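The values are calculated or read from the model by the stated rules, or taken from the named source; none is laboratory data. Given the structure is predicted, the values throughout are model-derived calculations rather than measurements. In this analysis, Cβ positions are derived from the backbone assuming ideal geometry, glycine residues included, and neighbour counts consider all displayed protein chains. The protein model used for the area step is the full one, side chains on, heavy atoms only, and it has no ligands, DNA or RNA in it. Shrake-Rupley method; radii C 1.70, N 1.55, O 1.52, S 1.80 Å.
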Amino acid sequence: MAQSGEGWLDETRSAYLYRVIAEIEGGSPRAKLFEELAREAEGQAAIWAKNAGLASVPAFVPDLRTRIVAGLLRRYGARAMRGILAAMKVRGLSVYSHAAPGHPAPTSIEEIGKRHRGFGAGGNLRAAVFGINDGLVSNLSLILGVAGASSNTGFILLSGIAGLLAGAFSMAAGEYVSVRSQREMYEHQIGLEEAELGEYPAEEAEELALIYAARGMDRADAHALAQRTIADPRLALDTLAREELGLNPEDLGSPSGAALSSFLSFGVGALVPLAPFLFARGDGALVAAIAVTGAALFGVGSMISLFTGRSAFRDGLRMLAIGGGAGAVTYFVGKLLGVSLG
C-alpha cells in the first residue's frame with residue numbers, strides 16, 4: 001500500500017513537471033514529447049491509485065520542493081536541470097544530452113549499445129589533468145603568498161605541506177560526496193524503473209517509444225524497437241536509465257576510487273612547487289619552485305588541448321599565464337602584508 005502511494009505521488013509530480021517543461025518548450029517537438037509523457041504519467045498514476053484501493057486519482061497539489069524545481073525550470077530551462085529532474089523521476093531527459101536534431105536515431109538494439117559505449121578512460125584522464133592543475137595553481141599561490149610575507153624557508157615549507165594536505169583532503173571529500181550522491185540517485189531511480197517494469201511494462205515501452213520518436217525515428221519503428229528492448233530484461237533497465245533518465249551507468253564510478261584519484265592528482269600537482277623547498281633553502285628554492293611549476297603549468301595546459309581540440313602551445317601559454325598571474329597576485333599581497341605586519 002505504501003509503495004502504491006509513493007508510486008502515485010512520483011507519477012503525478014512527474015506529470016506536473018512534464019507540463020511545465022512542455023510550456024517552456026513552447027510548441028516544439030520536445031513540447032509534444034513532454035505533453036505525451038505527462039499523459040502517460042497520469043495513466044500510470046491511475047494504476048498506482050487503483051492498486052492502493054482508491055476509487056479515483058486524488059488531485060495533486062505541488063509541494064514546496066516541486067514548486068521550487070518548477071521555478072528553476074522556468075528560469076534556467078530543462079537542459080541545465082537534468083540532474084535534479086532525473087532525481088524527481090522526470091523521464092525523456094536524453095533528448096537534452098545526445099542525439100541532437102539531424103542526427104540519426106537508433107534503429108536497433110545493437111545500435112543502442114554501440115552509441116552508449118562511453119569514454120571512461122578519457123573521463124578519468126580529464127579529471128586527473130584538472131586535479132593536477134588545481135594542485136599546481138593553488139599550492140603555488142599559497143607558497144608565493146607566504147614567501148612574499150616571510151623569507152623563512154621552514155615556514156614556507158610548512159605552509160606548502162599544509163596546503164597540499166588540506167587541498168587534497170578537501171578535493172577527495174568533495175569528490176566522494178559527489179559520486180556517492182550521484183550513485184545513490186541512480187540506484188534509487190533504477191529501483192523505481194525496475195518496479196515499474198514489473199507493474200506496467202507496456203506503459204514503460206510506450207514512454208520509450210515516445211522518446212525515440214521525438215528524436216526523429218519513425219513512430220512505428222520506435223514502437224517496435226521499444227517493445228524489443230523492454231522484452232529483454234538484460235537490456236531494459238540499462239536502456240531506460242539512459243533514454244528516460246539521461247543517466248549513463250558507466251559514468252558512475254566508485255566513490256572511494258574517485259576520492260583517492262582526486263587526492264592523488266591534486267597531491268601530485270601541489271607537490272611540484274613544494275619540492276624545491278625540500279632540497280634547497282632561500283631564494284634559490286623559490287626560483288626553482290617558480291621554474292618547475294611554470295614548466296608543469298605549460299605541460300598541463302598542453303594536455304588540456306586534448307579536450308579542447310585547440311593548439312597545445314596556445315593552451316599551454318594560457319595556463320602558464322593564469323597560474324603565473326595567480327601566483328604574482330598572492331606574492332605581492334603577501335609582500336604587502338609582510339611589510340605592514342613587520
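Pairs linking a residue in the range 153-167 that is β-branched (V, I, T) to a residue that is open to solvent by less than 60 Å² (accessible area, probe 1.4 Å) and part of a helix (DSSP H, G or I), with Cβ atoms under 7 Å and 6 or more positions apart or on different chains, are T153/F277; T153/G282; T153/A285; I156/I143; I156/V146; I156/A147; I156/F277; I161/L274. For the range 318-329, check the following and say yes or no: at least one residue is among the small types (G, A, S) and at pLDDT below 90. For the range 318-329, residues among the small types (G, A, S) and at pLDDT below 90: absent.
For (1) open to solvent by 80 Å² or more (accessible area, probe 1.4 Å); (2) in contact (Cβ under 8 Å) with a residue 40 or more places away in the chain; (3) outside any helix (DSSP H, G or I), each residue gets a yes or a no:
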| residue | (1), (2), (3) |
| --- | --- |
| G7 | no, yes, no |
| A46 | no, no, no |
| K50 | yes, no, no |
| P62 | no, yes, yes |
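None of S178, S151 is under 30 Å from F277 (Cα atoms), touching a helix residue (DSSP H, G or I) at 6+ places or on another chain (Cβ under 8 Å) and at pLDDT below 85 except S151. Only a single item in (1) part of a helix (DSSP H, G or I); (2) free of Cβ contacts under 8 Å to residues at least 60 places away in the same chain is not met by E40, and it is number (2).
Scanning the range 256-277 for residues that are of a type in the set (A, V, I, L, M) and closer than 21 Å to G299 by Cβ yields L264, V268, A270, L271, V272, L274, A275. Is it fair to say S138 is part of a loop (DSSP other than H, G, I, E, B), at pLDDT 60 or above and either of a type in the set (D, E, K, R) or at negative phi (or both)? No; evaluated as a whole, the condition is false for this residue.
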